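Input: a single structure, listed below in structure tokens.
Every read-out reported here was derived from the displayed coordinates using simple, explicitly stated rules and does not represent laboratory data. If you're wondering where the values come from, they're calculated on a predicted model, not measured in any experiment. Because the Cβ atoms are built from the backbone with ideal geometry, glycine has one as well, and the counts that use them run over all protein chains shown.
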Amino acid sequence: MEQGSGGAATEDLIEEVFKNAFDNEYLNKMEDSSVVPGAGRLALTTDSFVVRPVFYDGGDIGRLSVCGTVNDLLMSGAVPKYLTAGFVLEEGLDTEDLKRIVRSMKETAAEAGVIIAAGDTKVVECPGGSEGGLYINTAGVGFIDEGIAVGAEKIMSGDKVILSGNIGDHHAAIMKSRLNIKNDLIKSDNAPLNKMVRSLFENGIRVHAMRDVTRGGLGTVLNEFADASRRDIHISEKKIPVSDGVKSFCGLLGLDIMYMGNEGKMVFTVDPGDADRALSIVKSSEYGENAAIIGEVGEAAEKSRLILKTPVGGERVVSRLYGEGLPRIC
């Protein structure tokens, strides 16, 4: 608890763990706020990360916090530039675990091309009988180039719906850790999508809407697209990419893949004339090798729906996720 007092022990913690890892010209000034270069149009986001366990196959809460924030900025067409990171540390947290998480954040920020320019640390008492954990709050700033404007309200009839890869990986990885299930085929997909998204815009792809597939899964995200555009969306179950490990895991536990969350996948709609080229760009990008065109946007509808074509040729209306799902996957 002394390390959260704001005194010398706090300064030592910041110097040893955070400043050493996030070394940059803005943070090193150690002012109350960082002054950074700006742009005409900004994208701003904030998020909090409370995942349990903090380490899991394929990642950790540190990597997740950077990926989640960066990907949210990317989905508005922005180029992510700066992050803030606020740490709430519970008394008893192992310092080596904290260093490992911060090191992971540093590496992921470098991969995503962002600078962690400001931060904060608090230490709180740990609930009786539990191990010391941590929570991370972030804010992100990105710059939007002229001519780029994406949003669900821009979706048009005939747009093709593209998914950037296998769904359900992160959700299954967290669940298997909590259930102590051994399955080496399942790993979190937490990843920054900056190179993939920038390649689409740099190649002139007419992207109308983008969304990362996180809590609530593909079913919830595409329902949001349908509601905002006031159009039906038709997708094919056979075309949705799912790894064998996750497919078996869902079958074993009776889970619906349409509501399984990810932390390194996006779904987006493009002008039909650009669909094949967009798919090729995504498949050639890091983290996009399993991308697929999974459906298309239908005509305007008074009550829009997400309609899933089943492998046997039937149709199922997929609603948003209702109920608990799996809490604290991010």
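Details
- Each label was represented as a point 7 Å from its Cα along the Cα-to-Cβ direction; for Ser48 and Arg328 these points are 1.3 nm apart.
- Under the Karplus curve 6.51 cos²θ - 1.76 cosθ + 1.60, θ = phi - 60°, whole-Hz ³J(HN,Hα) for the stretch 197-213, x wherever Gly or Pro sits: 5, 4, 4, 4, 6, 5, 9, x, 5, 7, 7, 9, 8, 9, 7, 7, 8
- Distance from the stretch 113-176 to the stretch 194-218 (C-alpha centre basis), Å: 14
- Across the chain, the relative contact order, built from alpha-carbon pairs under 8 Å that are at least six residues apart, equals 23 percent.
- Assuming charge only on the beta carbon of Lys and Arg (+1) and of Asp and Glu (-1), the dipole of the chain about its Cα centre is about 1260 debye to the nearest 20.
- Among Thr45, Thr220, Thr138, the residue with the largest mean-square fluctuation in a Gaussian network model of the chain, with springs joining Cα atoms closer than 10 Å, is Thr45.
- Using the rule -39500 (n - 2.57) for each DSSP H run of four or more residues, divided by the residues of the chain, the 222 nm mean residue ellipticity is -8000 deg cm²/dmol.
- Measuring nothing but how far apart in sequence close Cα pairs (under 8 Å, 6+ apart) lie, relative to its length, the stretch 152-318 scores a relative contact order of 43 percent.
- With θ taken as phi - 60° and the Karplus curve 6.51 cos²θ - 1.76 cosθ + 1.60 applied, the whole-hertz 3J(HN,Hα) list for the stretch 310-315 is 7, x, 8, x, x, 10 Hz, x standing for glycine and proline.
- For the chain, share of DSSP beta bridges that run antiparallel, in % to the nearest 5: 75
- In this rough spin-label picture, where each label sits 7 Å from Cα along the Cβ direction, the Glu11-Lys238 distance is 6.8 nm.
- Taking every alpha-carbon pair under 8 Å whose residues sit at least 6 apart, the stretch 2-144 reaches a relative contact order of 38 percent.
- Gyration tensor verdict on the stretch 152-318 (Cα atoms; rounded if a/c is under 1.5, prolate if a/b is larger than b/c, oblate otherwise): oblate
- In terms of other Cβ atoms within 10 Å, Phe268, Phe201, Phe22 run from fewest to most in the order Phe201, Phe22, Phe268.
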